[in-house]
1. Taking only the C-alpha atoms, wrap a convex hull around the chain and report its volume per residue in Å³ as a whole number.
2. Can you give the FRET efficiency to the nearest 0.05 for residue 520 and residue 236, using r as the Cβ-Cβ distance and R₀ = 30 Å?
3. Starting from the Cα gyration tensor of region 306-360, take the square roots of the eigenvalues, sort them a ≥ b ≥ c, and report rounded, prolate or oblate (rounded when a/c is under 1.5, otherwise prolate if a/b is larger than b/c, else oblate).
4. Expressed in nm², what is the orientationally averaged projection area of the convex hull enclosing the Cα positions of region 573-720?
5. Taking the Cα-to-Cβ direction at residue 270 and at residue 73 and moving 7 Å from each Cα, how far apart do the two end points lie in nm?
6. Largest first and to the nearest Å, give the Cα extent of region 226-275 along each principal axis.
7. Given +1 on the Cβ of Lys and Arg, -1 on the Cβ of Asp and Glu, and no further charges, what dipole in debye does the chain carry about its Cα centre, rounded to the nearest 20?
8. I need the Kirkwood Rh of region 580-655: take the reciprocal of the average 1/r across all distinct C-alpha pairs and report it in angstrom.
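Please treat every number below as a calculation from the coordinates, not as lab data. Computed from a predicted structure; not experimentally measured. No Cβ is skipped: glycine too gets one built from the backbone with ideal geometry, and neighbour counts run over all protein chains shown.
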Amino acid sequence: MTRLASVILPLPLPEAFDYAEPEDMGLEVGDQVIVPLGPQRLLGVVASLRDASGHNRPLKPVLERREAPPIPKTTLAFLSWAARYAVDAPGQPLAISLRGARAPKARPERVIAATGAAVERMTPARARVLAAAADQPMSPGALAEAAQVSSGVIRALIELGALETRLIEPPLDFDPPDTSRPGRPLNASQTAAAEALAELVGQGGFQVALLDGVTGSGKTEVYLDAAARVLARDPTAQVLVLLPEIALTQRAIDRFEARFEARPAEWHSACPQPARRRVWEAVAQNRCRIVVGARSALFLPYANLKLIVVDEEHDSSFKQEDGFIYQARDLAVARGKIEDALVILASATPSLETLWNAETGRYHWLKLAARHGASRLPKVELIDMRETPPEPGAWLSPPLVAAMVETLARGEQTLLFLNRRGYAPLVVCRKCGERMTAPDTDSWLVEHRYSGRLVCHLTGFSMPKPERCPHCGAADSLASIGPGVERVEEEVRALFPEARVAIFSSDTVFDAEGARAMVEAMAQGEIDVLVATQAAAKGHDFPLLTLVGVVDADLGLRGGDLRAAERTFQLLTQAGGRAGRRERPGRALLQTYAPEQPVMQALKAQDRDAFVAAEMAQREAAGLPPFGRLAALIATGRDAHVLETYVRALAASAPNAKGVEVYGPADAPQALVRGRRRKRFLVRADRNVDLQAYLAAWRVRVKPPASVRLTIDVDPYSFL
Ligand code: ADP
């Protein structure tokens, strides 16, 4: 009897498509298949199979079953949950999940090996080559390097039959972790947390624990201990560690490798394609037990996922804002539930959502009391920029400069934190007042001096800095307003010509290797002053760093969105927490024009509880997350009239529901991006409302014209 296969394609299509299963194909749920769609042959995944009897419409057949690991059922369940949660098509999370499955395989590597055949005319160079090749087959380049010869010597030995070329298949497996190795002895506070986690591991099943401890309290050691127990308890169990930045994944990989004498699999956007394929298949076939990665690692096809760690769980980088919109921390908890796994959320400044879940008893709350060993939390001081302003045209105030002088004199390091890439955030014509903006986007162009270009940070558009004002034509009239990291670096170099200064931002560090090198240089004391965006502010452990200067502590507060105060508190606590992580005491100096602001006062007093209590009270009064739910609807289109007509129709058709309020449509703050106009709705709902069902019902009431795109962002972080 033939069957019907319901196949999800990794595309933004509203539902799965049915295909006929050819006789003897023997499909199973989760299989990767090739199916026809119009003239195309596409990769899809079998979501379900059912009996075809009673079905009389002729269906196209599945063309082929791909020789590749199937997607486990729990992964399919997770993907479908994620799509429903995001009010998006099931193919969207599937597309993320299949990235590794579709990547090309690594090609066999060509190496040179010794054959053992005798060589008549032996020379010292030839002898060196043969000795090196006998040791271990290696690539022609590596062999030439090892034996210090030219490639000609190697070629000649191949012709003489003393060397031969072999093709080696790249390794597929990952080394199994050695869980018998003891970890570091834990301190009393770590032991208590580790024991609580050990109990949860012993119980098995879905649980969420918040590991709450100041920066440097040794949270990583505690979750390494939990990972060891999970891996030891079940020889097929897998562990996933999610981190918000590629730079942090490198450090975590090193620590896992040191602990388990096996390098974990690495997964993030900078991983080469063949490496992705290897990880994807190894994860699906349980040949890889530890994955360390960025948010998309959550979508891999784990065969038996038993522990998910979300480190720096508060970090807004876990929110993916393009394409399939999701919050990886929230999805990690959902996946944990589906996989029956333990989820550990770790942070020094947990998100209000997570704290609320801990306070109300949904999550286990494990607290680490103090910093490990002799290190103390840094002293936080506010610099009132109204009282001690910098010199005109400068950005570092006299008290901060004085602290830098002392720090340099002691041979210690300074981190200057400014969350702004480039040289100056704004370029203005002194003659006519024109502000330089991107041609098709409502955003100011940022000057980058190293590249000599003006860059739109939203779209990536860039152009050379013009010599004349494009508006009034005045020559040499364009002035750079405000500081970015490049400008602060310039100031530091002028103040301290002898100091070794570096910039850590996504413009200077592009990939995992670069991040690793920069972190290493800083850890080794090869840098005196590091000027950094948030890329370096989080999670790192620099022993010689004792001074953190926050150039513009008010920066994050200006946007004025829901999480502005929370984010500022978290980011500045994190940045400040980089200082004094060993025996040497640390200081954090925050330059602010509003020292009386509650966030600044809470930072100064290092009183997280007071800050959280005040912020929670405000959110509760307004019914905002975590006390209520929010979603944004963003409609974009090139034609203002068509867009307006659509959003009006959408507004008129919003379903009435108790406990739901719809605001808008309004022009988005970023009203024009890449030539598309943007309109927003904001939906607020009480906690007990099924917001996803509401949104799904609403969106189908008005079909957008072909030129208009509607995006739904559940629990928005950006209000632009
Ligand atoms: P967190 O993750 O909380 O920021 P880490 O786990 O990175 O903290 O620990 C901070 C520093 O203290 C690291 O250098 C780490 O190696 C060290 N450390 C933490 N716990 C221990 C321990 N039990 N024994 C020795 N060193 C430790």
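1. Hull volume over Cα atoms, normalised by residue count, gives 226 Å³.
2. 0.30
3. oblate
4. Here the figure is 12.5 nm², rounded to one decimal.
5. Reported label-point gap for residue 270 and residue 73 is 4.0 nm.
6. Reported extents, whole Å, longest axis first: 33, 21, 19.
7. Approximately 1140 debye in magnitude.
8. 17.2
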